[in-house]
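J.: Here it is, the structure, as structure tokens.
The values are calculated or read from the model by the stated rules, or taken from the named source; none is laboratory data. Fair warning: this is a prediction, and the values are worked out from it, not measured in the lab. Quick reminder, even Gly has a Cβ in these numbers, built from the backbone with ideal geometry, and neighbours come from all protein chains shown. Keep in mind that these areas ignore ligands, DNA and RNA; they rest on the heavy atoms of the full protein, side chains included. Shrake-Rupley method; radii C 1.70, N 1.55, O 1.52, S 1.80 Å.
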Amino acid sequence: MRTYNRTWESEFILLGLTSDWDTQVSLFVLFLAMYLLTVLGNSLIVLLIRLDSRLHTPMYFFLTNLSLVDVSYATSIVPQLLVHFLAEHKGIPFLSCAAQLFFSLGLGGIEFVLLAVMAYDRYVAVCDPLRYSVIMHGGLCTRLAITSWLSGSINSLLHTAITFQLPMCTNRYIDHISCEILAVVRLACVDTSSNEVAIMVSSIILLMTPFLLVLLSYVQIISTILKIQSTEGRRKAFHTCASHLTVVALCYGMAIFTYIQPHSSPSVLQEKLISLFYAVLTPMLNPMIYSLRNKDVKSAWQKLLGQFSGIMSKLAT
């Protein structure tokens, strides 16, 4: 037991993606650019929704939460990843590893539940538009958002506590880009079947259950859209859901592939690339998807840029 305690009090070594220096420098430049785009894009979405009163609706309230989750999730992983690309020693202290696991797992769970909440919002908007403002009132939206944040955080807290209670052998090398839960569990020198069952159960609760709710919502939405007589009406109804549906496909697809079947998981390299896609690419793409495919957001951008141009013209004169 003393050996285990000494192991916990030391640090872990993250093996990352590659040990080749030139490749690491190239990846540093690439991921730094992607991270800056992620922070900039999501921050601008939050600022835009805040400034434009036309976007003060339930849909954009939840989108604000989604942007905050995305930028926080990326921040929980990418800065440490960037440091390790340029550092000779790629250690991460025990407490930092535990904190990274807690925040990344928690924020991931929050996003899954939040996407289900956004699907319900789209369901009400398309299937019961006349009562939309009555159903999706401010109090309900706040409660749904709080439920999303609490459910992901509580699940992550439990998993982090259980994982770091495991006795670890002398091996402190984590073959991953971050302190991801499955990679950390693999370091245990005891039977981890109960931990894998716990991961499976929480995946069903926080991943598959919201995913099924999203599917049910979109079955009803599609059924309602098909009943609309005019082509323009069908196009407009579908357009209100297109951005959310694209984000759902990205987020749920990667997470289901990674977490639902620990025993049937892909190779270590594939697992790293999947996690990297989810941590870096998806948070960067989300604001682009909502900006390019959403008429209200594009209109708000044009208005804001017009106001900015007007201010600059006055200053120039």
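J.: Taking only pairs six or more apart or across chains, which ones have beta-carbon atoms under 8 Å, a first residue in the range 294-311 that is under 29 Å from Phe238 (Cβ atoms) and open to solvent by 40 Å² or more (accessible area, probe 1.4 Å), and a second residue that is modelled with pLDDT under 75 and of a type in the set (A, V, I, L, M)?
T.: Pairs that qualify, where the first residue is under 29 Å from Phe238 (Cβ atoms) and open to solvent by 40 Å² or more (accessible area, probe 1.4 Å) and the partner is modelled with pLDDT under 75 and of a type in the set (A, V, I, L, M), are Lys298/Leu292.
J.: Which of the residues spanning the range 28-55 are surrounded by fewer than 17 Cβ atoms within 10 Å (Cβ to Cβ), in contact with a helix residue (DSSP H, G or I) (Cβ under 9 Å, 6 or more places away or on another chain) and either on the phi > 0 side of the Ramachandran plot or not aliphatic (A, V, I, L, M) (or both)?
T.: Phe28, Ser43, Arg50, Arg54
J.: Quick check: anything in the range 128-149 farther than 16 Å from Phe62 by Cα and open to solvent by less than 20 Å² (accessible area, probe 1.4 Å)?
T.: Scanning the range 128-149 turns up no residue that is farther than 16 Å from Phe62 by Cα and open to solvent by less than 20 Å² (accessible area, probe 1.4 Å).
J.: From the set of residues in the range 261-282 that are surrounded by fewer than 16 Cβ atoms within 10 Å (Cβ to Cβ) and farther than 28 Å from Leu36 by Cβ, which is modelled with the highest pLDDT?
T.: By that ranking, first place goes to Val268.
J.: Something else: How many residues does the range 153-194 hold that are at pLDDT below 85, open to solvent by 10 Å² or more (accessible area, probe 1.4 Å) and in contact with a helix residue (DSSP H, G or I) (Cβ under 8 Å, 6 or more places away or on another chain)?
T.: Adding up the residues that qualify gives 8.
J.: Pick out the one residue from Leu14, Leu30, Leu37 that is within 30 Å of Val190 (Cβ to Cβ) and modelled with pLDDT of 90 or more.
T.: Leu14
J.: Name the one entry in Leu285, Leu213 that is within 20 Å of Thr38 (Cα to Cα) and modelled with pLDDT of 80 or more.
T.: Leu285
J.: Report, by residue number, each residue of the range 87-146 that is in contact with a helix residue (DSSP H, G or I) (Cβ under 9 Å, 6 or more places away or on another chain), among the charged types (D, E, K, R) and under 29 Å from Ala198 (Cα atoms).
T.: The one that is in contact with a helix residue (DSSP H, G or I) (Cβ under 9 Å, 6 or more places away or on another chain), among the charged types (D, E, K, R) and under 29 Å from Ala198 (Cα atoms): Glu111.
J.: Is it fair to say Leu140 is closer than 24 Å to Val248 by Cβ, more than 19 Å from the chain's Cα centre (by Cα) and not in a loop (DSSP other than H, G, I, E, B)?
T.: In short, yes.
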